[in-house]
Structures are given as C-alpha cells and as structure tokens.
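**Q** Pasting in a structure now, in structure tokens, and then I'll have a few things to ask.
The values are calculated or read from the model by the stated rules, or taken from the named source; none is laboratory data. Since the model is a prediction, treat every value here as computed from it, not as a measurement. Methodologically, a virtual Cβ is constructed for each residue, glycine included, from the backbone with ideal geometry; neighbour enumeration extends over all protein chains shown.
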Amino acid sequence: MKSMLHKGARYSLLLLKELAAARTWLLCYVLLILLPASFLLYFYYERSSVILEKEVTRSMLQTMKQTGINLTYQFERVRDTSNSLFMNPNLYKYLDQSEATAPIGQQLVVLKDLRYMMDTAETNGNVFRVRLFVDKSRIYAGELINFFPMDSLKSRPWYNSVIEAGGSIVWIGAYEEKYIDKGSAYVLSTARMIRDAKKFDQMTGMLVIDMTEQTVRNILDAVDLSKQQVIYMVDSTGIAVSHADQSLLGKPVLSADLKKSITEADEGIIKIAEGDDAKYAVFTTIQSTGWKLVAEVPASEISRQAVTLNRFSSVATLLGVSIMFLLLVFVLLAFIIRGMNRRVQLVIRTIHKEGLESLDDRNAASDGHINVLERSVDHLIDKVRNLMEETYKTKVLEREAQLRALQAQINPHFLYNTLDTINWIAIGRNAHDISQMIDALAKYFRLSLNKGRDNVSVEDELNLAKVYLEIQQSRFPQSFEFTVESDPAIHKHYMPKLTLQPIVENALLHGIRKSKGKSGHIRITAHQDGEELVLSVSDDGAGMEEETAGKLLSEPRPESSFDSSGSSYGLYNVNERIKLYSGEGYGLSIRSAPEQGTTVTVRLRSIREELVK
C-alpha cells in the first residue's frame, strides 16, 4: 500500500510538471495564433456584415416590387371595369342630350338599364362603388347612390384635372367619401370625363369608380420586411395615398430630400439621416398609377437581420479555422497528452488490480492525486449503487401503476347502451321486460366490481361474459347465439378481472354485427394446458386481414374503433395486462380471415385459489 502511495505521489509530481509545460505552450498558442486569428475573423465579420446589409435591403426592394405588381393587378382590375363601362355604346345612348327632355317613363327605363350596368360593374371584388355624374336636369341625377348631379363635383380639387385629361383615366388618391347607404369610407378612385357622342366637344357626364383604401392597406399589411416597418403609398406630389395612420391620408409625408430622390427614380434604396435615428427608405413605382410605394425601415433593424444572416454564413468559415487551430494544438500538445494518458492508464490498471471492494478500505488521510482519484471513484460507485436501488424501486412502482392504469381503462359505453336499451324497452313494450334486464345488469355490476378486487375466479369471469351476452341479446334480439364450454376443474383458478369482456364485446360488435347478415354464433371455451390457463373466444363474423389483427396487439389504435366502443384499444390493453400479470411469455393471440370469423386466445399463468388468498 505504501509503495503504491509513493508511486502515486511521484506520478502526481510528473503531472504537475507537464501541466506547467502545457501552460507555456498554451500561452504561445494564444499570443501567436489565437489573437491574430481573432482579429482576422473580426475584420471578416465586419466586412461581411456590410455586404449582407446591402443584400438585405435588395431583398426588401424585391419584396416591394412584388407588392407593387400585386397592387398594379388590383388597380388594373378597377381600370378594366372603367374601360368596360366607358366603351359601352349603351352608356352614350342613355346619356345623349336628347334623353334629358324625354318623358319621365322613358327616363325611368333609362335609369333601370343604367342601374343594371352599375350593379354588373360592382360585381368586381375590387370595385366598392360606381358613381355616374350627369346633368342635374335628368330626373335620376338626385338618386345619390349611383347617380349624382354634375355640379356636386365642381368643388372637388381633382375636378379640373379630370376635365384636362379629356376622357383619359385620372387616379385620385385616398379621400373620405360619405355614402348614404354605407356610411363614410376612405376610397381611391378613377375618374374620367364622358363626351357627348354627337357633339364631341361637349361633356355629358363623368364616370367615377371607387375602391376602398382598406383593400390596398390589406396588401401592404401582409408585407413583412421587419418588425418596425412603415409602409405607405404616395402620389407624384408626395401626398399620402395609403397609410396605416388614416390621419395622414391626403397629407404630405415625404421630406424634401426623400421626395426629390423618389421623384428622380422608379425604384431604389435611400438611407435617411445618420446615427441612432438612421433608417432606410425602399421604394418602387406602381406602373398603372405612377404612385410610389415606400417602406421605411430603421437601419438598426436591417443591421440586426444582417447580423443574423452573417452568423449563419460565418459558421463554415469559423468551423474551418477552428478545425485548423485544433489540429495545431493537438500537434503542439501531443507529447503532453501522451504522457498524461500514460499516467491515467496506470491508475486505471491499479484500480482494476486492487478491485472495487478494496476502494472502500483506502486510507482517507493519504495525500496525492491518486488518492483523490480513488475517493472520487468511491463516491461515483456509491452514487451508482444508490441510483440502481432507486431505479429498481421506481420500476416496481411503475409496473404497479401501469397495471392499475391499464385496468382502469374500462369502456363505459356498454353501460350507457344497456341503460338506453332498458329505457326503450320500458317505453316500447309497456315495461314487462324491465325486471329481466335489471336482474342481468345487477349481475354484471356484481361480477365486474368484485368488491374492488383486481382478480376474479375463472367461473366469475365466464359468468360475467354470459351476463354481458344475455344483455346484448336483449339489445340485438335474434341476431346471435352463444355457447360457453369450460372445464369445472379450473373454475376456482384466478385471473385478472374484465379479461374476457372486451374480447367478447369485440367479437359481437366488430365480428357478428359487422358481418353481412349481422347474425352469427359466439363460442367461449376455457381449459387448462399444463401450467397455463387457455381461454378462447370465437365468432363466425366479418373477420379481418392478418396484418390488421397483428396491429391490434402491437399498438393502441383508438381511431380504429367503429362505434366508439374502443374494442381494438381494449385488446391491446388486455394483452398488456396479462403480460404484467403473468409475464412476457403470456398474452393474446389472434387468428382471423375476412368473412371467416375471428378467434382470440388468452394464455395466462395458472394460479389456484389458495395462492392468491
């Protein structure tokens, strides 16, 4: 023992010397390799962040361009509706000057036809309202839903622009419009002048088609550039056409510098201000209207996204550099690691030679790193032992809890169906069969509850199956017969409660009741085979494929239950309960074929009455 302690002390001194040499090599590694490499990585990181920041803004611009294409499509649908009405010859016919002095009846017919045209145009999902402004002399000019007097437009700021356009479409930015049937709404509009077909230099009306600003807003709200984005749309003068803040609609929202930059280009990326308030403006042009779609994003948010992307893009580079440095470290410290490994191997061989039991007899007062290692191993062994004992106790409790949980999964639907059957018998048959049903149900309760005990005799389990089938014969009269064949010698043997009932239920509901004739025969047998109890339930019902039968025992499948009875799940639980009760060598087996019936065999350990008392 003393010799081993002296060797341990000597090895400890050698380890200390080698660690001192390792510190020197590590210091050289840090000064000559790690620090320069860190500076290079930092420079690479900063440079790549600038590049990625540009890529992020370009990606935002592409998103804005795609959004502009979506908006162009929506505007073009409104423009197409305007063109369709504008090119309709009937519109010019109805707005002919001679129609203004036509009799009232004729004007009412014109009103009906014009309304049909307006209603047809408003079937376009983007069209909120079609308005036609006509001379006030026409009787329908005061209708104020689709038809309005021309004089009411002259006070509008865009009236002269529409006149100067001479029949071309003029897009009007967001403004609040009041409708007598829909209340107030912010709308965008297309307006165009309608000339007299016979006197081309005269105007007979003005066609205005409205779409809600919310339609545009919904598209803009779907754009996800950053958490702090502000997306809006302005006309050529910088007036807000669409904005999340409705108080800014119809007001200038662009600074002078930003307005100038946006006016000079169709699309682009502009950095606004500097410092903490710096932000980027990403803009593109809506081709159909000439308006500008603008998104303002804080520069800090773009930098954050660039940093996130940079973190991922730098993984490969950082990984490669790290591998190179690690290889270099391994080369520099190979001899130190080899020497330390040789000493540790010697300690391990000593422990193996002395044995684990001898570790408990070590002198706790001894000095040296070897003794520290031995005491650590002692502590580890004690902890492992304690953990093994705790694991064993936990497994025992787990198996008991699992058995209780599996036995608790008894399907209540049979009780509900039985009570329902009794109720309908009482109503439909003047109650003369109720006593029989109640007697059978009482037997079922007595046998199934079994005074709270988990195990029952084979005789009681067979009687429970009989009572269940007798009750089901009342529920499904003349649909099946059953026989029970058992060896009286095993009646006093014990088995888990409610083992046969789920199997019998499965045979009836999924075998007999699912067969073509919905009738058949159920046969229950019970006998002893050596040290095993063998019970079987056979039916000549619908049957199933072998693969399906195998899955009923290998996995719980509540979804396969056809009538909410949970039979397939019951077979799985019965199989698990028997394994917990008798062991892994026992359980259920199923033999079945389509349209040839099913046989479920139960094998469990034979336990006599005196062994379970």
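**Q** Select, from A265, A281, A256, the only residue that is closer than 29 Å to E176 by Cα, of a type in the set (G, A, S) and either touching a His at 6+ places or on another chain (Cβ under 8 Å) or surrounded by fewer than 19 Cβ atoms within 10 Å (Cβ to Cβ) (or both). Before you say what the answer is, go through the steps one by one.
**A** Numbers: A265 fails: closer than 29 Å to E176 by Cα; A281 fails: either touching a His at 6+ places or on another chain (Cβ under 8 Å) or surrounded by fewer than 19 Cβ atoms within 10 Å (Cβ to Cβ) (or both).
Step by step, each of A265, A281, A256 is checked, and only A256 is closer than 29 Å to E176 by Cα, of a type in the set (G, A, S) and either touching a His at 6+ places or on another chain (Cβ under 8 Å) or surrounded by fewer than 19 Cβ atoms within 10 Å (Cβ to Cβ) (or both).
**Q** Now for a different question. Across region 103-138, what is the number of residues that are among the β-branched types (V, I, T), over 47 Å from the mean Cα position of the chain (by Cα) and assigned to a helix (DSSP H, G or I)? Even if it seems obvious, please write down each step before you answer.
**A** Taking region 103-138 as the starting set, the residues that turn out to be among the β-branched types (V, I, T) are 104, 109-110, 120, 123, 127, 130, 134.
When the remaining residues are screened for being over 47 Å from the mean Cα position of the chain (by Cα), the result is 104, 109-110, 134.
Imposing the further condition that a residue be assigned to a helix (DSSP H, G or I) reduces the set to 104, 109-110.
Count: 3.
**Q** Further, regarding this structure: Scan region 201-229 for residues that are more than 17 Å from E176 (Cβ to Cβ) and under 29 Å from the mean Cα position of the chain (by Cα) and jot them down.
**A** N218, I219, L220, D221, A222, V223, D224, L225, S226, K227, Q228, Q229, listed by residue number.
**Q** Please find, among L225, L188, L220, the residue that is surrounded by 23 or more Cβ atoms within 10 Å (Cβ to Cβ), in the same structural domain as Y92 (by TED's automatic domain parsing) and within 13 Å of W291 (Cβ to Cβ).
**A** Values: L225 fails: within 13 Å of W291 (Cβ to Cβ); L220 fails: surrounded by 23 or more Cβ atoms within 10 Å (Cβ to Cβ).
Matching residue, one of L225, L188, L220: L188.
**Q** Kindly state which strands (runs of 3 or more DSSP E) lie completely within region 446-544 and contain at least 3 residues that are surrounded by 17 or more Cβ atoms within 10 Å (Cβ to Cβ) and out of contact with any His (no Cβ under 9 Å at 6 or more places or on another chain).
**A** Working: elements: 455-457, 480-486, 494-496, 520-529, 532-539.
By residue number, 494-496, 520-529.
**Q** Turning to a different aspect of this structure: Scan region 121-129 and tell me whether some residue there is among the polar types (S, T, N, Q) and out of contact with any strand residue (DSSP E or B) (no Cβ under 7 Å at 6 or more places or on another chain).
**A** Filtering region 121-129 for residues among the polar types (S, T, N, Q) gives 123-124, 126.
In the following step, the residues that additionally are out of contact with any strand residue (DSSP E or B) (no Cβ under 7 Å at 6 or more places or on another chain) were identified as 123-124.
Within region 121-129 (the criterion being among the polar types (S, T, N, Q) and out of contact with any strand residue (DSSP E or B) (no Cβ under 7 Å at 6 or more places or on another chain)), the answer is yes, since at least one residue qualifies.
**Q** Looking only at region 269-294, which residues are within 39 Å of the chain's Cα centre (by Cα) and either farther than 27 Å from I169 by Cα or of a type in the set (D, E, K, R) (or both)?
**A** Passing the criteria: I269, I270, K271, D276, D277, A278, K279, Y280, A281, V282, K292.
**Q** Output yes when any residue across region 142-163 is under 56 Å from the mean Cα position of the chain (by Cα), within 24 Å of R77 (Cβ to Cβ) and assigned to a strand (DSSP E or B), and no when none is.
**A** yes
**Q** Please enumerate the residues belonging to region 572-605 that are surrounded by fewer than 19 Cβ atoms within 10 Å (Cβ to Cβ), of a type in the set (G, A, S) and not in a strand (DSSP E or B).
**A** Passing the criteria: G583, G585, A593.
**Q** I would also like to ask the following. Against the definition (closer than 24 Å to K466 by Cβ and modelled with pLDDT of 90 or more), how does R577 come out, yes or no?
**A** Against the criterion (closer than 24 Å to K466 by Cβ and modelled with pLDDT of 90 or more), R577 does not qualify.
**Q** Are any residues in region 164-179 under 45 Å from the mean Cα position of the chain (by Cα) and surrounded by fewer than 16 Cβ atoms within 10 Å (Cβ to Cβ), and if so, which ones? Working first, answer last.
**A** First, pick out the residues of region 164-179 that are under 45 Å from the mean Cα position of the chain (by Cα): 171-179.
Answer for region 164-179, where residues must be under 45 Å from the mean Cα position of the chain (by Cα) and surrounded by fewer than 16 Cβ atoms within 10 Å (Cβ to Cβ): E176, K178, Y179.
**Q** Of all residues in region 128-144, count the ones that are closer than 18 Å to A191 by Cβ and buried (at least 20 other Cβ atoms within 10 Å of the Cβ). Walk me through it before giving the result.
**A** Taking region 128-144 as the starting set, the residues that turn out to be closer than 18 Å to A191 by Cβ are 128-135, 141, 144.
Then drop every residue that is not buried (at least 20 other Cβ atoms within 10 Å of the Cβ), which leaves 128-134, 141.
The qualifying residues number 8.
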